[in-house]
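The values are calculated or read from the model by the stated rules, or taken from the named source; none is laboratory data. Small disclaimer: the values here were computed from a predicted structure and weren't measured. FYI the Cβ positions are ideal-geometry reconstructions off the backbone, even for glycines, and counts take in every protein chain you see. Each accessible area value is taken on the protein alone, full model and side chains, heavy atoms only, with ligands, DNA and RNA left out. Shrake-Rupley method; radii C 1.70, N 1.55, O 1.52, S 1.80 Å.
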Amino acid sequence: KLRAGGVTVRREHADDVPPVHGSPGELNQVWTNLIDNAVDAMAGEGILTVRTYADEHAVIVEIEDTGPGMTDEVAVHAFEPFFTTKEVGKGTGLGLDLSRRIVVERHGGEIEVDSRPGATVMRVRLPLAPPA
């Protein structure tokens, strides 16, 4: 989807981001789902920003798009299984649910959405200490 050329990718990575403990394959699935949804939300045209930084407890990864945004009602349900705003046959409604389970249940992190018209940010916080 990114090769079609209508999406500009911006990378904003802090220099002091430490490594986190986790499953690379599972986290790769999270990034794939979030980026795929962002590109779909922008209908293949816009700016996709991938941002990483850290605080004293976590590494934060943000995927931001310049699409139309989500209403509050949609955002409340975004991580529920089988919830989708995509047309029939275009999505299963499982990508964000799976991403939430990987981040929260498998890695002890948090995932949230912050959305308004022209800027939707999916924010993932992964703890610096491995989950118990």
Residues of the chain: accessible area per residue at 1.4 Å, in Å²? 59
For segment 9-38, list residues with backbone N below 19 Å from a point placed 7 Å from the Cα of Leu2 toward its Cβ? 9-15, 24-38
I need the peptides 44-57, 63-76 ranked by packing, meaning the mean over residues of other C-beta atoms within 10 angstrom, with the highest value on top. 63-76, 44-57
Over the chain, calculate the relative contact order: mean separation of alpha carbon pairs under 8 Å at least 6 apart, over the residue count, as a percent. 28
For Thr32 and Glu105, FRET efficiency with R0 = 22 Å and r from the beta-carbon atoms, rounded to 0.05? 0.75
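Rg to Rh for the chain: what is it, with Cα atoms only and Rh by Kirkwood?
Values: Rg = 14.5 Å, Rh = 15.2 Å.
Checking Rg against Rh, the ratio lands at 0.96.
Would you mind telling me the share, in percent, of accessible area of the chain contributed by carbon and sulfur at probe 1.4 angstrom?
52
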Run lengths n ≥ 4 of DSSP H only: what is the helix-derived mean residue ellipticity at 222 nm for the chain, with -39500 (n - 2.57) per run over all residues, to the nearest 500? -6500 deg cm²/dmol
Students often check this: by mean Cβ neighbours within 10 Å, which of 106-119, 29-42 ranks highest, and how do the rest follow? 29-42, 106-119
How high is the FRET efficiency between Thr71 and Leu98 when r is their beta carbon distance and R₀ equals 25 Å, given to the nearest 0.05? 0.65
